[in-house]
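None of the figures in this text is laboratory data; all of them are computed from the coordinates on show. Because the structure is predicted, anything quoted here is derived from the model rather than measured. Note: ideal-geometry Cβ built from the backbone for every residue, glycine included; neighbour counts use all protein chains shown.
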Amino acid sequence: MGTFNKSEDTIFRKSFVIFVVTGTQAPFDRMLSIIDKWAVNQDTYSIIAQTANSEINFKNMTCFDYLEPDVFNEYFNNADVIIGHAGMGTIIKALENKKKLVVFPRLVKYNEHRNDHQHHTAIGFEKLGLINVAYNEKDLFRYLNNIIEIPVKRKINQNAEKQLLKKISNFINK
Amino acid sequence: MKKILAISSSGGHWTQMQRITSSFSGNEVVYVSTLKGYVKEVSTCKYYQVKDASAWNKLNLIVLFFQLIKIIMNERPDIVISTGAAPGLFAIIISRFVGAKTIWLDSIANYEQISLSGKLAKYFTHLHLTQWEHLTNQKTQFSGKVL
């Protein structure tokens, strides 16, 4: 498949943007297919997806196999909502930038990852009140049908906890 | 001033590394990761790109291993720190042969158990950290999160 489905000048033809993020290591067709299916019946959002070399030709979103980090950051920062796999890059970036985020964990039973750590991460972060999680298609549809109501979680600053930084710098400089 | 080799895979591992860089201040830092574009994010430091490899692609693991031997022999770091995954584990093992002190900070993504590379790194690293208090044991310490 090519780098994108629609011509680039149509990407922002609608005023609201959903940016879909799968990480760079492996495709995530289950999540992309759900979003593509949902998108058939909506006309409010432009959907841009970073698809990690998916072989499916999604009809209702603008797809990129891979985006360079600076381009990726631009799409990320300009989006109204991020829908992503439960990768830490996605989660932390959303928290840093106070973005609306829904994560959809990769599962080993669909061969989407080597183990189910994304599922456990999602549970752990949900407990901390830091993310919105869709565990299945029904959950994801519910969020997509009511994007306005998706809560924005608290903003975090750019650095790790002081205690951790001190531990590392003490070790380095001893 | 010490020379620090800070190595991580792309995505979340890299993001977490960027959140601890203030603890490196006053030292020389060399970054290693798997995406070419990251060079722009650490423009004041030296950056090496290595092969992206995991347990999923064994051949790339071998290529990666030899790339890292070359970098580490060339740079001779005093400290090697990694937030995972495979590239960091390899770098920590190799750097023991040049006498570096090593730090493993297991990714905050590993909530249920330490990652596979983190479990292996435990045998080679001087400071082994998890970001979840319930995963600590005799060797693995908790000292806060990258958030």
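Things worth noting here:
- Most fluctuating residue given options B:107, B:117, B:43, as computed from a GNM of chain B linking Cα atoms under 10 Å: B:43
- Shape of chain B, Cα gyration tensor, a/c cut at 1.5: rounded
- Calculated FRET efficiency for the pair residue A:70/residue A:15, C-beta based, R₀ 22 Å, to 0.05: 0.35
- Between A:44, A:62, A:90, the residue with the greatest mean-square fluctuation in the GNM of chain A (Cα pairs under 10 Å linked by springs) is A:44.
- Local electrostatic count at residue B:79 - Lys and Arg +1, Asp and Glu -1, tallied over other residues with Cβ under 14 Å: +4
- Projecting label points 7 angstrom from Cα along Cα→Cβ for residue A:77 and residue A:162 puts them 2.9 nm apart.
- For the residue pairs A:59/A:109; A:153/B:119; B:3/B:122; B:3/B:101, alpha carbon separations beyond 20 Å are given by A:59/A:109; A:153/B:119; B:3/B:122.
- GNM top mover of A:31, A:88, A:61 - chain A, alpha-carbon springs below 10 Å: A:88
- Taking all Cα pairs closer than 8 Å and separated by 6 or more residues, the relative contact order of chain A comes to 20 percent.
- For residues of A:83-91, the mean tally of beta carbons on other chains within 10 Å: 4
- What the Cα atoms of the protein assembly as shown give is an Rg and a Dmax of 19.7, 61 Å.
- For the pair residue A:44 and residue A:149 in one chain, pulling the backbone fully straight at 0.36 nm per residue adds 36.3 nm over the alpha carbon distance.
- Seen from all directions on average, chain A presents a Cα convex hull projection of 11.3 nm².
- Span from the region B:10-24 Cα centroid across to the region B:103-147 one, whole angstrom: 15
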